[in-house]
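Chemist: The structure's right below; bear with me while I get my questions together.
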Amino acid sequence: MAVDATSNVNSTTSTNSTSSAQKKATLNYDNFLQLLIAQMKNQDPTDPMDASEQMSQLASFSQVEQTIQTNTKLDTLLASSSLTQASSYVGKYMESADGKVKGTIESVKVYSDGIIATTTAGGNILVQAGITIADKAPTTSTDTSDT
């Protein structure tokens, strides 16, 4: 089974960029708490900030942080699913959606935006809707009847 190492690099890059976004969100969350404390310390005593407004802001920010964490977990799950799917193509016969490239799959590369399968003859097939996959190459028969 030949699944290209590029898939791991791309999956790691995607995960790293998501982790970076998560770190930024956490940093912003900490900044928000510091801002909230500064706002409470420096508010006008004759017109204090509404407590329900503070809680609403905090809850909204917490929801954003949770959404980022959920997206990180979904990205990891999708990357794992793509690798599993890609490995199942090796050794199978595949024909591109336009019918121009066909053959037995020798290796597969997984990118963040799709899967490229390489045939034993060196052709590349983008795995997308409309491709044909079979366990083995179809047998070709010629019809000689002219009726």
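Chemist: I'm told LEU74 meets every condition in (1) within 30 Å of PHE32 (Cα to Cα); (2) of a type outside the set (Gly, Ala, Ser); (3) surrounded by 16 or more Cβ atoms within 10 Å (Cβ to Cβ); (4) without any contact (Cβ under 8 Å) to a residue 60 or more places away in the chain except one. Can you identify the failing condition by its number?
Modeler: (3)
Chemist: Right, another one. Which of the numbered conditions does ILE115 fail, given that it passes all the others? Conditions: (1) buried (at least 16 other Cβ atoms within 10 Å of the Cβ); (2) under 30 Å from ASN31 (Cβ atoms).
Modeler: Unmet condition: (2).
Chemist: Here is a follow-up. Note down all Cβ pairs under 6 Å where the first residue falls in the stretch 22-47 and is more than 17 Å from SER60 (Cβ to Cβ), the second is at pLDDT 65 or above, and they're at least six residues apart or on different chains.
Modeler: Close Cβ pairs satisfying both conditions: GLN22/ILE68; GLN22/THR72; GLN43/MET49.
Chemist: Still on this structure, I have one more. For SER96, work out the one condition from (1) surrounded by 15 or more Cβ atoms within 10 Å (Cβ to Cβ); (2) at pLDDT 85 or above; (3) small (Gly, Ala, Ser); (4) under 10 Å from the mean Cα position of the chain (by Cα) it doesn't fulfil.
Modeler: (4) is the only condition that SER96 fails.
Chemist: Out of the residues in the stretch 80-93 that are crowded, with 19+ Cβ neighbours inside 10 Å and modelled with pLDDT under 90, which is nearest to ALA137 (Cα to Cα)?
Modeler: Narrowing the stretch 80-93 to residues crowded, with 19+ Cβ neighbours inside 10 Å: 82, 86, 89.
This time we only want the ones that are modelled with pLDDT under 90, so: 82, 86.
Working: SER82: 24, ALA86: 19 Å.
Ranking the qualifying residues of the stretch 80-93, first place goes to ALA86.
Chemist: Return the residue satisfying two criteria in turn: it lies in the stretch 110-122 and is farther than 14 Å from GLY91 by Cα and in contact (Cβ under 8 Å) with a residue 12 or more places away in the chain, and of such residues it is nearest to the chain's Cα centre (by Cα).
Modeler: In this case the residue turns out to be SER112.
Chemist: Same structure again: Which residues, taken from the stretch 38-96, are within 30 Å of ALA134 (Cβ to Cβ), part of a helix (DSSP H, G or I) and out of contact with any helix residue (DSSP H, G or I) (no Cβ under 7 Å at 6 or more places or on another chain)?
Modeler: LEU77, LEU78, SER80, SER81, SER82, THR84, GLN85, SER87, SER88, TYR89
The values are calculated or read from the model by the stated rules, or taken from the named source; none is laboratory data. Since the model is a prediction, treat every value here as computed from it, not as a measurement. Note that we place each Cβ from the backbone using ideal geometry, even for glycine, and neighbour counts take in every protein chain shown.
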